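Chemist: Let me give you the structure first, and then I'll get to my questions.
The values are calculated or read from the model by the stated rules, or taken from the named source; none is laboratory data. Note that the structure is predicted; figures quoted are calculated from it, not measured. Because the Cβ atoms are built from the backbone with ideal geometry, glycine has one as well, and the counts that use them run over all protein chains shown. What goes into the accessible areas is simple: the full protein's heavy atoms, side chains included, and nothing from ligands, DNA or RNA. Shrake-Rupley method; radii C 1.70, N 1.55, O 1.52, S 1.80 Å.
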Amino acid sequence: MCTDEFFALAKTEAMGWDMPGLPLAVVPHPLAKRNARECSEFAAGVLGEIAEALTTDPGLLAAKYREKTVPAGSRRRYRSLFESEFNSPDAPPTFSGPDSIEAMNRVFYRRGWTDGLPVLPPTPGRVEAMLAERNPDELAGLVEPRLGRATLAKIAANAVMAGCDQAHFAVVLAAVRAMIDESFNLKALQSTTHPCTVACLVGGPVTDELEVNGSYNAFGQGSQANAAIGRAIRLVLTNIGGAAPGALDRSTMGSPAKFALCFAENLEASPWPCYHEELGLDPADSHVTVFGVEGPHNVNDHYGRTGEEILLTIAGTLASPGANNFYLAGQPVVVIGPEHAEVIASDGFSKMDVKQFLRDHAIVPRAVVSDAMVDAVEDRNPAQLLGEGAADGVRFLTDPDQLIVLVAGGAGRHSAVLPTFGGSTHAVTRRVE
C-alpha cells in the first residue's frame, strides 16, 4: 500500500526487485491530517484490491498491475526514471552526444543526470583514467531506493561528472560502500520528506594528501576535495540510486547541503582524540564515515567564559522540538569550533563529559512541546519526559552515547549542530583502500 504521492517510489522498488507487476493499493495523500473515520473509509475503499491481490492468480495480477496508471502528478517524473538510456536495463555502455560541452550539459540536465549545475562529460577516456587499474565491472553494491547497480565504472562516471581528480576516487568509493551498508538505511534517507543528506567525514593521512578541509569554512565552498567528493556522492545517489527530486527524493523542502557535504576534522586544533580513534581504528589508516544529517545549524556564543557556559548554549541549540532526533532518537552530530573546544577542554571536559553534559542540559521546555508530541515521545521513550506530564520539560536525548562530537572549523566563537534522520539510520565507517 502507498499514497498516490509515493506511487512512483513504490513502483520503482517493485521494478528494482524485478516485480514490475507487484499489486499496489493506492490511497489519497496525505494521511497525517485525516481523522480515524477518514482513514477507515480509505481502508475500506482498498479492501477489495487487497483481497484480489491475495487471492487471484499471480500471472493475471502481474499483467494487470504492470500497466497500472501512474497518478497524473507523477507521470512526467515517473517516465524520466525509466525511459532514458541511463536507467534502462539494456542500456548501451556508451552513447553519442553533442560535441559542445554546453549542448552536452543541456542533454544531461533534461534527462535528470545532474544536480542542476554543469558537469564534465564522462567520456570513456576520463572514466578509464578515474578507474586507473580497477575492474570497471566490479560491483560495489546496490544503491537504494532504485536498487541501481553501482559498478566501479558507474561510480567513476559520476566522479568525473563531479570534477573529481583520480586521487579522490578511493574516498568516493569508500563512501559509496559505507552508505549502502544496511545499517545506514539509505532507502529511507533517499526517499523521506525530511531534508536530510549524506554527509561524509574523511579522516586519516588521506585528509592531508587530498587537502580535505577541516578548518575555515569546512562545510562550505572553496575546497576542491570537499566539493568534488561530496558532489560525486550526490550524483551517485541521484543517477544510480534514483533520487530524482519530486520523484523518488520526496524531501518537502530540500537543503543546499544536498549539493555536497564532505569535510574533515580540525585535528591540529582539537584537544580530544579524533572520531576514528574513538572507534578504535588505526590513525595510520584513512577512513570515511557517512551520516544521514540535516545541514549545519550554527551555535553562536561569543560571551561564554567557561566550558559550562558554552556547553549550555550548545545544549539549548540542540534541544529543538522540530528535529527528528527529538522523538526518533538517533545520532545527532555536534561539531565544536576550535575556540569553543579550547575553553571547554581547559575546564577539564573530556569528550564523554561533553556528551553527558549535553544529555543532561538539552531539555525542551514543556511550553513549546505540543500535547500530541508529548504523547508521541511518551509512546516511544518515556524516559525523556521530566515531571508529571512532562511539566519540567522533555529531554532531547536520554543516552549520551547517541551523540557524535567532532571538532572542525577555524577561528571564531562558533560551533554547529547537525540533527540526523533519526534512530533508523546509523553512522557507518569504511576504510579507504
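Chemist: Scan region 228-244 for residues that are open to solvent by less than 10 Å² (accessible area, probe 1.4 Å) and assigned to a helix (DSSP H, G or I) and jot them down.
Modeler: Answer for region 228-244, where residues must be open to solvent by less than 10 Å² (accessible area, probe 1.4 Å) and assigned to a helix (DSSP H, G or I): ALA228, ILE229, GLY230, ALA232, ILE233, LEU235, VAL236, LEU237, ASN239.
Chemist: I'm told ARG126 meets every condition in (1) surrounded by fewer than 22 Cβ atoms within 10 Å (Cβ to Cβ); (2) of a type in the set (D, E, K, R); (3) within 26 Å of THR12 (Cα to Cα) except one. Can you identify the failing condition by its number?
Modeler: All conditions pass for ARG126, except number (3).
Chemist: Test of understanding: among ASP392, ASP371, ASP347, which residue is without any contact (Cβ under 8 Å) to a residue 24 or more places away in the chain, acidic (Asp, Glu) and over 23 Å from LEU201 (Cα atoms)?
Modeler: Exactly one of ASP392, ASP371, ASP347 is without any contact (Cβ under 8 Å) to a residue 24 or more places away in the chain, acidic (Asp, Glu) and over 23 Å from LEU201 (Cα atoms), namely ASP371.
Chemist: Being open to solvent by 20 Å² or more (accessible area, probe 1.4 Å) and touching a residue at least 12 places away in the same chain (Cβ under 8 Å) is the filter here, so list the residues in region 245-265 that pass it.
Modeler: GLY246, ARG250, SER251, THR252, MET253, GLY254, SER255, PRO256, LYS258, PHE259, ALA260, GLU265
Chemist: Hey, among GLY112, GLY141, which residue is without any contact (Cβ under 8 Å) to a residue 40 or more places away in the chain and at positive phi?
Modeler: Only one candidate qualifies: GLY141.
Chemist: List pairs: first residue in region 26-40 and at negative phi, second residue of a type in the set (Phe, Trp, Tyr) anywhere in the structure, Cβ distance under 7 angstrom, at least six positions apart or on different chains.
Modeler: Final answer for the pair search is VAL26/PHE7; VAL27/PHE42; PRO28/PHE42.
Chemist: Oh, and also: For region 163-215, what are the residues that are in a helix (DSSP H, G or I), in contact (Cβ under 8 Å) with a residue 24 or more places away in the chain and over 26 Å from ASN266 (Cα atoms)?
Modeler: If the condition is that a residue be in a helix (DSSP H, G or I), in contact (Cβ under 8 Å) with a residue 24 or more places away in the chain and over 26 Å from ASN266 (Cα atoms), then SER183, LEU186, LYS187, ALA188, LEU189, GLN190, SER191 are the ones that fit.
Chemist: Which of (1) within 22 Å of ALA427 (Cα to Cα); (2) surrounded by 24 or more Cβ atoms within 10 Å (Cβ to Cβ); (3) without any contact (Cβ under 8 Å) to a residue 40 or more places away in the chain does ARG146 not meet, given it meets every other one?
Modeler: That leaves (3) as the condition not met.
Chemist: Next question, about the same structure. Taking the options ALA427, ALA416, ALA376, name whichever one is within 26 Å of PRO195 (Cα to Cα), open to solvent by less than 20 Å² (accessible area, probe 1.4 Å) and either among the basic types (Lys, Arg) or in contact with a Phe, Trp or Tyr (Cβ under 8 Å, 6 or more places away or on another chain) (or both).
Modeler: Answer to the selection: ALA416.
Chemist: Is it the case that ASP18 is farther than 24 Å from GLY148 by Cα and open to solvent by 70 Å² or more (accessible area, probe 1.4 Å)?
Modeler: no
Chemist: Sticking with this one: Quick one: GLU138 ticks every box in (1) farther than 17 Å from LEU235 by Cβ; (2) surrounded by 14 or more Cβ atoms within 10 Å (Cβ to Cβ) bar one, so which box is it?
Modeler: Result: GLU138 fails condition (2) only.
Chemist: Continuing with this model, one more query. If we scan region 165-177, do we find a residue that is open to solvent by 10 Å² or more (accessible area, probe 1.4 Å) and over 23 Å from LEU117 (Cβ atoms)?
Modeler: There is at least one residue in region 165-177 that is open to solvent by 10 Å² or more (accessible area, probe 1.4 Å) and over 23 Å from LEU117 (Cβ atoms).
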